[in-house]
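What follows draws every value from the coordinates through simple rules; no lab data is involved. Just so you know, these numbers come straight off a predicted model, no measurement behind them.
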Amino acid sequence: MSEKIIEKKWNRKEQISKTADLLIHLIGYTIVMILVASLFDETVHIENIFYGFISVLIIFVLNKTVKPVLVWLTLPLTAMTLGLFYPVINMLILLLTDFILGKHFELDGPIFIFIVSIVITLMNAFMDNVIIDGIIKGGKRK
């Protein structure tokens, strides 16, 4: 009986940890989105920090639902271009976010949106591998 109680407490701690990790990631990605909007102020317009966070939530949901389908459908094209088509998929996710949020999150200029999608990908990778992993692991590296 006590083993079940310990197991339930462990599962609850694990769920809290996963939720905290997700929240840290979303905050980090929001910072990236706000920085990108500042760097590309002629291309990316975010109304305020709240809509920056909402845009990150929408992008997160689209990355988990729509993006795998897009990747699967465009796999031959991505393979033929040696992966160079993949940022176009990220650009499509950004354009879907623009469509969903309307005037609160606007993107201008297709060439610059492509560049912005690459910059966001690179900044998110940096944020994941350097900053967020450092926070989550308490500064300890593997």
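Compute the relative contact order of the stretch 1-109 as a whole-number percentage, counting only Cα pairs closer than 8 Å that sit 6 or more residues apart in sequence. Could the numbers behind the result be given before it?
Values: 66 pairs, mean separation 34.2, N = 109.
Result for the stretch 1-109 is 31 percent.
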Quiz item: On alpha-carbon atoms, Rg over Rh for the chain using Kirkwood Rh?
Solution: 1.07
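What does the extension gain come out to for Asp108 and Leu82, with contour length at 0.36 nm per residue minus their alpha carbon separation?
Working: separation 26, 0.36 × 26 = 9.36 nm, distance 2.72 nm.
Full extension from Asp108 to Leu82 adds 6.6 nm.
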